[in-house]
Amino acid sequence: MSKSAEIVRARAGDEPVRLGLILGSGLGHLAGKVEGVAIPYTDLPGFPHVGVSGHNPNLVVGTLEGARVAVFGAREHYYENGRADAMRVPLECLKALGAEALIATNAAGSLRPDIRPGDLMLLSDHINFSGLNPLIGEKTDARFVPMTTAHDVGLREALRESAEAVGVALPTGVYAWYSGPSFETPAEIRAIKILGGDAVGMSTVPEVILARFLGLRVAAISTITNMAAGMSDEQISHEHTKAMAPLGAAKLERVLRHYLRGMA
Ligand code: HPA
């Protein structure tokens, strides 16, 4: 068992976790709603030391809407230290805690005029626009992970049903991973559009690959904080992302709470 999972169990108890949740920029408040134990990443060997403002580097293990969850209040992005596999140890820990599934969330820019700031988007699929991969260097044949249905069909359907039940629009679309930390140019956004991207962001894809590698079912939801570069007159900035994320966060929380009630 992973060392970090042993520490988590010693502090938060042995009861298996059902689901992991990774919270994106500006979405960290949900971690505070879990009844459970918050463990700083700095106490967990191999966990990243996250330095992005708007993220809360704790793992919270406990109950939300009656379901036992592990909530990652922050992620390390590739652009922080050039490590595409920075979330490998946390996801191995999640697996060792007994989880079957992961829901990753993020803040993203929209390429679709019908998906606006404050809206949510469920990822139907993704494009690895960065060309990076968290499994480079992995030596076992398990590295050849099929990605045909990486975004789990059943999990997505359940999330769509939850969104409908709580009256939140949850359009689906393709997310393109851009390494960052600089934002995209308008020409890059036009290229992503031609390639079939509906939203763009700097995270999530490595975690989806790692989760599939580890045999976790996975789904991901974007909160749209801005229209992508060149699509509106708005200035794109990290400050703006953090300021806008709470708009979608309230909707996301309603969807996730309904989903968790159904799981419990
Ligand atoms: N591009 C990349 N990442 C983002 C964006 C964006 O427009 N908005 C929020 N995260």
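The values are calculated or read from the model by the stated rules, or taken from the named source; none is laboratory data. Keep in mind that what you see is a predicted model, and the values were worked out from it rather than measured. Glycine gets a Cβ as well: all are built from the backbone with ideal geometry, and neighbour counts include every protein chain shown. Note: areas computed on protein heavy atoms with side chains; ligands, DNA, RNA excluded. Shrake-Rupley method; radii C 1.70, N 1.55, O 1.52, S 1.80 Å.
Using helices alone, what [θ] at 222 nm do you get for the chain, with -39,500 (n - 2.57) per DSSP H run of 4 or more residues, divided over all residues and rounded to the nearest 500?
Details: 7 runs with 81 residues, N = 264.
Using -39500 (n - 2.57) per qualifying helix, the result is -9500 deg cm²/dmol.
Leaving out ligands, DNA and RNA, and with a 1.4 Å probe, what % of the accessible surface on the range 1-45 is carbon or sulfur? Before the final figure, lay out the partial values.
On the way: 1010 of 2030 Å².
That share works out to 50 percent.
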Gained length - N128 relative to M147, 0.36 nm times residue gap less alpha-carbon distance: 5.7 nm
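Carbon-plus-sulfur fraction of the accessible area of the range 202-264, 1.4 Å probe, in percent? Each step should come with its number before you reach the end.
Working: 1220 of 2320 Å².
Within the range 202-264, the accessible surface is 52 percent carbon and sulfur.
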Kirkwood-based Rg to Rh ratio, the range 1-150, C-alpha trace: 0.96
Average accessible surface area per residue within the range 3-263, 1.4 Å rolling probe, Å²: 40
Karplus 3J(HN,Hα) series, Hz, for the range 107-112 with 6.51 cos²θ - 1.76 cosθ + 1.60 (x for Gly, Pro): 9, 8, x, 9, 9, 10
Long-range HN-HN contacts of S124 with modeled amide H, under 5 Å: G173, V174, Y175
Taking the chain and dividing mean pair separation by its residue count, relative contact order in percent (alpha carbons under 8 Å, at least six apart): 26
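Please get the size of the charge dipole for the chain, origin at its Cα centre, with Cβ charges of +1 on Lys and Arg and -1 on Asp and Glu, quoted in debye to the nearest 20. Show your work: numbers first, answer last.
Details: 25 positive and 28 negative charges, 59 e Å.
It comes to approximately 280 debye.
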Lysine pairs with alpha-carbon atoms under 22 Å apart, the range 3-263, spacing 8 or more or separate chains: 6
